[in-house]
Each structure stands twice: as structure tokens, then as C-alpha cells.
Amino acid sequence: MTDLTVPQSTTARRGPLWLVLRKLLEVRELTTLLFLILVSVFIALRSPYFLTPDNLKAIVLGMSTTGIMAVGMTVLLVAGGFDLSVGSVLALGGALAGWLIVAGLPIPLAVLIGILVGPAIGLANGLLVTKVGINPLITTLGMMSIVRGAVLLIGGGFGISNLPQEFNNLGQTVILGFQSPIWVMVVLAIVGDVLLRRSRPLRQAYYVGGNERSARLSGIPVDRVKIWAFILTSTVAALAGVLTAARFGSASVTAGTGVELSVIAAVVIGGASLAGGEGTVLGAILGVLLLQVIQSALTLLDVPLYWQPISIGGVLILAVGLDAISRRVRHLDGRA
Amino acid sequence: MSAPAAAPVPTPTVQPIIAAIGIGKSFPGIRALDGVDFSVLPGEVHALVGENGAGKSTLMQILAGVYRPDEGEILIDGQPVVFDNRRDAEAAGVSIVFQELSLVLQLSVAENIFAGRQPVGRFGLIDVKRMNREATSALAPFRLAVDPRDQVGLLSLASQQIVEIAKALSVRARVLILDEPTSSLTTTETERLMATIRSLRDRGLGIIYISHHLREVFEISDRITVLRDGRYRGTWRTDGVTEQEIVAEMVGRAFQAVSGPYMPRAFGTESALQVEGLSRAGQFADISFTLHEGEILGLAGLVGAGRSELAQALFGLTQPDAGTMAVEGHRVRFRSPRDAVAAGMGYLTEDRKQAGLFLAMSLAWNVAAPNLKRFSAGGFMRDAEAREVTETYMRQLRIRARSVEQKVIGLSGGNQQKVLLAMWLATSPRILIVDEPTRGVDVGAKAEIHNVLLDLANQGVAIVLISSELPEVMHLSDAILVMHRGRVVARFAGGEVDEDEILAYAAGVGGAPIAGAASHEDMA
């Protein structure tokens, strides 16, 4: 029985440094972090204002909305789905809460309803995808349009402004120097990262995204996992919407337009794959931060506004392209 | 270590079409080939055998120009050559048919045969008429009744295989490499392919035949070369060596026949799984049986007889239209595989890559998939425990992998099958359905898998065994059901039936002996 020994790994022969480097490269978050540091150093050398506390706070506040949504979107991408309707759901969460407050409902109840519209839409998305069998692109594209229409119906052409300060405090209170949406993002990101890494319910998402048929035969409730991922995604989007409305004291009908693309881009930059089965919340948050830093840099360096979408798209393709190349190298390595 | 088989044949005096001398090739972490010699003469079938991971595919990919060897040289008609890519090899007359068919199912037969080099007419447009005409003549030697305009996806697998061969030959090949050409073919289809290979050989082609089916190898080949762990073990004339000797060379130890006769075993009297009148429209009808604790029930039948469909219904993946099931005396209705797993059932699918494993994930994660409850506490995963258990199975099943962290995609077929087995062993199933457990698996791994199944049965696990390999069914089963067109057409106790009789029932000519399997119409 001794003739079937595993051959010596050649990587071991290349020394410990190489091994450490390879291990590090396999942790996708570190690639994103490295990228983030490089970009930051570059900007800091060009603009003295970049590393000031005020600017850093502005960056973190600026990323909070996208960051909150990225937590849900990561789980959904890991489970092999994705959601284009989050931008519209964000707008609806804020508009609905604002409208109910103006209509005279107690603020806590209005806020609760504004947030709960999220799970309702997520459930609809999930059921359409799993039970009816419409693909996620079409389902959520349709939902994006429907929900945006609902926002316009509620908010009219101009949205809902002059919301009471009591409500606005939800998004404007400063705790330990940071505004509340930042804290919500931080808490959600930490809890989300730990749960996605370690908890049994969320571990199932990796299997569903990794191979749906194998997951089903392994006794994993594939449809249920997907539906819950859609619900989670919509819920944090609606929450982000309520916080955004409170932060600005008004619910705009155009809030969150196009944000679905930056959320998905950030999550993918952070290591998730549209094919499912991969990704972490930490990586996604780093992805959001990277995009926000670039946006801040463009402002600080006086680059015309129109370069923003171009740079976001460029970074997305660059990050995913680098990953695809390193994956190909590793795949060759994994060959027996 | 066994005594060597009959002495390898001396180097032939005829000039080989292609010869590989002292080939060595390494991949990071693996020494895939080391000092391998191989040659093909005009007008011979040269079989290449070895266990999974022995280096057969790597050697063929070197001959076909996919990889470049690190050491050694390749001679064409005695002249050294270097292939930079497949096109170079094809230009030298070496053509390969890969294990996984590379046809585009949506395109026509002719378009597939001439993919990338369609004849063009005026204005650079594809000359469809000429292409179809040339396709017809390319297919002529195979006496295949297909129109070159037919869509490939609508042909049977055997016909697709032949289209693939015609495609490989259409580049004026002199050496044809066939990698596991029969792994998805029925008996009749295999026969037809064998006839095709013989006629190609008689036309002076050199054919390299790679297969795990030693029976086929002995039937078709003139010489056999054995590789083990990337090393050359020798080349023998097929008529001068026995199956046992070749197996001993492959696995490096004296070896009992893989599928010996049925050894009577005691099993329990308690019913583990009782099925009454189970039916599902268009798939199977009126299936009844009782499976006892520790019993192995073999389901024999041809491809398309409804055995896998039955297994899927037993496991809750599909819902039967009629009939009942009872697990350990309790009536059950599984709405999903989840219910079946909860009831103590396990299912090793025949489709391990698409529906069994998580190829992009590690061994440990694969083993954990059906065991998330076992490997968690208070809702949180205990990954260390999953890794430990996986390591235990790695040793026990002799899974050849670098570590439990290695991704399953990098393992050979036999080792992947063992990972699938480990996944389900870890669930401690009381009833296990195994569908083609040794398909595409080499002899060594096959015997090991058989032993695991027998051990499980001896520990009281009830097993439903679906296999297209009759020797396997007969070797392991305490009871055999033969299915034909979705129905059970015969029942036997273990050891009371021979292969011909099962085959006759499976082909729908119950009882009467059949000559070969030539009369069988494919039902798939």
C-alpha cells in the first residue's frame, strides 16, 4: 500500500517566502487591500488634504449607503443571484417612511414600515426567481422599474422634504465623532462578515452558489436559501433608504439611481464572483471603500465629474481581470 | 510487489509512425511523467492503460501538442519533431479525440467536422454544399446513417462519438488517439465503435486506445503499454499477456479479480426500504421491492431503462405519480432530497461533476456539504472538525490529494469519486443509493470502492446499487432486479444468474439467449 504516496510539492522547494506570498495572494481581500493602499499612497502624495480627518470622515460617510447595501448583495452573489432593484428599493424605503410621517403616522411606525417594504420586495424577487423560474437579471430589472414607479407615485415629482428633526436624527446623530449611518454600516459589516464566514445558515449560500444541483442533492434547501438572500438584500437596501432620507432630511425620488451598479461592482471587486460560491463581506466593504477613495481623489485632484463613471468601470474591469489571470495561474497549479 | 508479467516485447523493427522516447513532464507539485517510452506502428491498435493519475492523459496531450515535454523527444517517421500546439501535431498527422466530446451540439454534423476550416466559396462565404458533400465522404467509411445537415445534439452518443472521430480523421490523420471512447456508450454502441476502429486499423492507421475497460482493451488491441505513477512499466503483445498480469503491473501488487463471483453474505431481516407500485409517467412503472438492512440490491438494465430516474424519485428529487415508500417500516413521502437525507438516506449520483461535487471547493468543504448539522454547534460551523473527519476519510479511502484544502477539481476521476463517497459516508446513512459508483474509475480504486460498499453492508447499511457493469452488479448484489423500459422484468437472488441471462432480460428478450447484443435497439 505504500506505492501510492503523494508526490512532493514543488512549491515547498521554492522556499517559505514564496509559500507565504502565494498563501497571501489566495486571500482575495488582501489583493483588494493592497490595491487600496497603492491608490491611497498615490493620492496622498498628490493632495495633502486627502489624509486629513475631515476628508477621511467624509469618505467613510460617503461609502456608508453603498456599504450597508453591499452586505446583503455579497450574500446574494455568494448564493449565485444578484439584484438590480436595490437602488429603487432604497428610494422607496425613504419615500414611504417620509410619506407616512407627513401623513401623520408616528415616526417609529413609519420607519418600521419603510424598512419592512424591503423584505416584501425581496420575497417577491426570490419567489419569482426560484418558484416561477425567471432569471435574476430579468426579475430584478423589472422590479427595479416597478419600484421606481411606485416611488414616483408616492413622492410626486419632487420627493418629500422638510421631514421632522426627530426623524432626521436617525441619520444625523453623531456618536464618537462619526455620523450614525457609519455605525450602522460598521455593525452590519462585522456581523455580516462573521455570520457569512462561520454560521451554518449562511454557509449554505456558498454551496448553493457553488453548484446548485449538488447542493440540492446534499439536502440543502436551495430555494429557501436563495429567497432569504433576496430578502436580506432588499431589507438592507430599504434600511439604507430610510437612513439616507433621515441624513438629508428629505426623500428624493431619484435617490439610489444607478447605485445597484456600484454595489455590485464593489462586491465583485472585493472577491465575489457573478458565478456564485465566492466572496466575503470584508472584501465587499474594502471594494466599496476603494471606489469611494477613487471618487474622493477625483474630486480632490480636480478631475471633471464625468470621469467618475469611467474610473469606476475601469477599476471594476481591472480588478476582475487581474483576478481572472491569477485564477488561471492557480488553476494550472492545481492540476494533478 | 508481484512478479513481472511476461517479458515486455523488444522494440519493433517496423518504423513507428510516432515514437516518444524518455518523456518527462512535471507540473507544480506533481511529477506527471518520468522516462516514458511509447510508439505506434502503422496498422496497429496500441492500448495505453494505468490507474487514474498514472499519466496517460498527460502523455497523450504531449503527443497531441497540447503540452511540451520537459525531457525526451518525439519522433515522427524517425525524425525528431517539436510540437508547439495542437495544429503542429495535426499537421504531422496526430489527431486526438478527447474523453469529453468537443462537439458543438447546436451545429450540424458537417459544421462540426469542418469547424474552423469550412470550405469557402466566392466572397469568403462558407460553401455549404461543398462542406456537406465533403462531410458525407468523411463519414462514408463509418456507415453511419446521418445526414451531414443533422444537428449533432440530436444524435445518439455513439453517433456523436463517430462524428468526433470523423472530425479527427478529416485532417488526414495517421495516428488517432482515443481517450476513453466508450465511457458513455451502450453495449451495442461500443460494438459499432469497435468495428469502426478495426476498419481504420486495417487501412493502416495507428490507433492509441485509452480505456479503463480491460476487456475492451484485450478485445481490440495489438499491444498494451502500462503506466504507473507516471513511470513506464513496459509494453506487451496483447496475445502474450493475461488480464491479471496487466492489472498487477497497473496497481503494483498481486491482485484478485476486480469483480469476483458473488460471495454469499448474511444480512438482516428488518426491512430498511420498502417500495410498492412506485410509478412516474414516462420514466418507470409499478416498481416494488423490499430492501433489508445490510442487503445490497443491484439494479441492472441498459442506459435509459429508468434506473437513475427511479433512484431520483426514491431520494425525493422528483415526485412519483403513484405508489408508496416506507423507510424502516414507516411510510414516507419525500418532497425534496432534504427529507431523504433527514430520513437517513444517501445518494451518490452518477453525474458526480455536475450534480454531486462542488468542484471549485476544497475536499473538506465537499465532505461537509451534506453534513452541515454534524459539523456545526449552536448555528456556527466547526471547520476544524470537518477537516479532521475529511483527513480520516482521506487515509481510509486512500484519496490521493495534497491536503484536505485542495480543490476537488484538481483530482483524478477515481479520487473525485472517493470524495463523493466520503461526503456520504460522513452522514452515517442507513440506506445508500449508489449510481454507477465506479464509472470512469480505474481498477485499483474500483476494488477499493467495492470493498467499502461491502463493509458498509456488513455494518447493516442497506444499499441500492445501480451499475451498467454487470460483473460489478453480480459481484456485489445479494438480490438483482433487471429493468427494461421502466419496468422490473426479472428478479434474481445473488449468485443464481449469469451475465447472459441478465443481458437478455435487460434487452427485453427475457429468457431467450441473445447473440452479443446486436438485436438491442437503443432506447435512450
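When the strands (runs of 3 or more DSSP E) confined to region B:18-109 are screened for residues that are surrounded by fewer than 19 Cβ atoms within 10 Å (Cβ to Cβ), at positive phi and away from chain A (no Cβ under 14 Å), those reaching at least 1 such residues are found at B:18-27, B:30-40, B:71-76. For the residues B:Glu328, B:Glu436, the requirement of being in contact (Cβ under 8 Å) with a residue 60 or more places away in the chain, on the phi > 0 side of the Ramachandran plot and under 21 Å from the mean Cα position of the chain (by Cα) singles out B:Glu436. Flag set for A:Ala215, criterion: within 14 Å of another protein chain (Cβ to nearest Cβ), hydrophobic (A, V, I, L, M, F, W, C), over 20 Å from the mean Cα position of the chain (by Cα) and not in a loop (DSSP other than H, G, I, E, B). Screening B:Arg192 against (1) surrounded by fewer than 17 Cβ atoms within 10 Å (Cβ to Cβ); (2) more than 29 Å from B:Glu245 (Cβ to Cβ) leaves a single unmet condition, (1).
Kindly establish whether A:Val208 is part of a helix (DSSP H, G or I) and either within 14 Å of chain B (Cβ to nearest Cβ) or at positive phi (or both). Full working, then the answer.
Details: part of a helix (DSSP H, G or I): yes; either within 14 Å of chain B (Cβ to nearest Cβ) or at positive phi (or both): yes.
So A:Val208 passes the test.
Of everything in region B:299-319, what is of a type in the set (Val, Ile, Thr) and within 12 Å of another protein chain (Cβ to nearest Cβ)? Give them in sequence order. Steps first, please.
Going residue by residue through region B:299-319, those that are of a type in the set (Val, Ile, Thr) are B:303, B:318.
Passing the criteria: only B:Thr318.
Taking the numbered list (1) under 18 Å from A:Leu239 (Cα atoms); (2) hydrophobic (A, V, I, L, M, F, W, C); (3) within 14 Å of chain B (Cβ to nearest Cβ) in turn, A:Leu116 passes all entries but (3).
Would you confirm whether any residue within region A:277-285 is within 19 Å of the chain's Cα centre (by Cα), more than 30 Å from B:Ser362 (Cβ to Cβ) and at pLDDT 90 or above? No, because not a single residue in region A:277-285 is within 19 Å of the chain's Cα centre (by Cα), more than 30 Å from B:Ser362 (Cβ to Cβ) and at pLDDT 90 or above. Looking across region B:396-405, just one residue is within 7 Å of chain A (Cβ to nearest Cβ) and over 22 Å from B:Leu456 (Cβ atoms), and that is B:Arg402.
Scanning region A:245-261 for residues being part of a helix (DSSP H, G or I), modelled with pLDDT of 90 or more and surrounded by fewer than 24 Cβ atoms within 10 Å (Cβ to Cβ) gives a total of 3.
Sort out for me the strands (runs of 3 or more DSSP E) sitting completely within region B:227-328 that have 2 or more residues that are at pLDDT 95 or above. Working first, answer last.
Numbers: elements: B:231-237, B:271-280, B:284-292, B:296-301, B:322-327.
In region B:227-328, the matching strands (runs of 3 or more DSSP E) lie at B:271-280, B:284-292, B:296-301, B:322-327.
Every condition in (1) within 14 Å of chain B (Cβ to nearest Cβ); (2) closer than 30 Å to A:Ser47 by Cα; (3) part of a loop (DSSP other than H, G, I, E, B) holds for A:Ser273 except the one numbered (2). Taken over region B:352-370, the criterion of being more than 8 Å from chain A (Cβ to nearest Cβ) and within 12 Å of A:Arg213 (Cα to Cα) is satisfied by B:Arg352, B:Lys353.
Of all residues in region B:404-459, how many are of a type in the set (Lys, Arg) and more than 23 Å from B:Ala248 (Cα to Cα)? Walk me through it before giving the result.
Keep residues of region B:404-459 that are of a type in the set (Lys, Arg), which gives B:407, B:418, B:430, B:439, B:446.
Next, from what is left, pick out any that are more than 23 Å from B:Ala248 (Cα to Cα): B:407, B:430.
Residues flagged as of a type in the set (Lys, Arg) and more than 23 Å from B:Ala248 (Cα to Cα) within region B:404-459 amount to 2.
Among the residues of region B:6-52, the one identified as over 30 Å from B:Gln416 (Cα atoms), in contact with a helix residue (DSSP H, G or I) (Cβ under 7 Å, 6 or more places away or on another chain) and at pLDDT below 90 is B:Ala6. I want to confirm something. Restricting to region B:373-395 and keeping residues that are within 11 Å of chain A (Cβ to nearest Cβ) and under 30 Å from the mean Cα position of the chain (by Cα), which single residue is surrounded by the most Cβ atoms within 10 Å (Cβ to Cβ)? Applying the filter and picking the extreme gives B:Ala386. Would you confirm whether any residue within region B:458-472 is crowded, with 22+ Cβ neighbours inside 10 Å, free of Cβ contacts under 8 Å to residues at least 60 places away in the same chain and within 22 Å of B:Ser412 (Cα to Cα)? So far as region B:458-472 goes, no, none of its residues is crowded, with 22+ Cβ neighbours inside 10 Å, free of Cβ contacts under 8 Å to residues at least 60 places away in the same chain and within 22 Å of B:Ser412 (Cα to Cα). Across region B:408-423, the number of residues qualifying as in a helix (DSSP H, G or I) and either among the β-branched types (Val, Ile, Thr) or facing chain A (nearest Cβ under 9 Å) (or both) comes to 6.
Selection within region A:115-156: residues that are not β-branched (Val, Ile, Thr) and not in a helix (DSSP H, G or I). The member of this set that is nearest to the chain's Cα centre (by Cα) is A:Asn135. Quick check: is even one residue across region A:169-191 within 14 Å of chain B (Cβ to nearest Cβ) and part of a helix (DSSP H, G or I)? Yes, some residue in region A:169-191 is within 14 Å of chain B (Cβ to nearest Cβ) and part of a helix (DSSP H, G or I).
Could you identify the single residue in B:Ile165, B:Ile177 that is among the β-branched types (Val, Ile, Thr) and part of a helix (DSSP H, G or I)? Answer to the check: B:Ile165.
Can you name every residue in region B:320-345 that is more than 14 Å from every other protein chain (Cβ to nearest Cβ), over 24 Å from B:Gly294 (Cβ atoms) and surrounded by fewer than 17 Cβ atoms within 10 Å (Cβ to Cβ)?
Within region B:320-345, the subset more than 14 Å from every other protein chain (Cβ to nearest Cβ) is B:320-333.
From what is left, the residues that are over 24 Å from B:Gly294 (Cβ atoms) are B:320-323, B:333.
B:Asp321, B:Ala322, B:Arg333, listed by residue number.
The values are calculated or read from the model by the stated rules, or taken from the named source; none is laboratory data. Since the model is a prediction, treat every value here as computed from it, not as a measurement. Backbone-built Cβ (ideal geometry, glycine too); neighbour counts: all protein chains shown.
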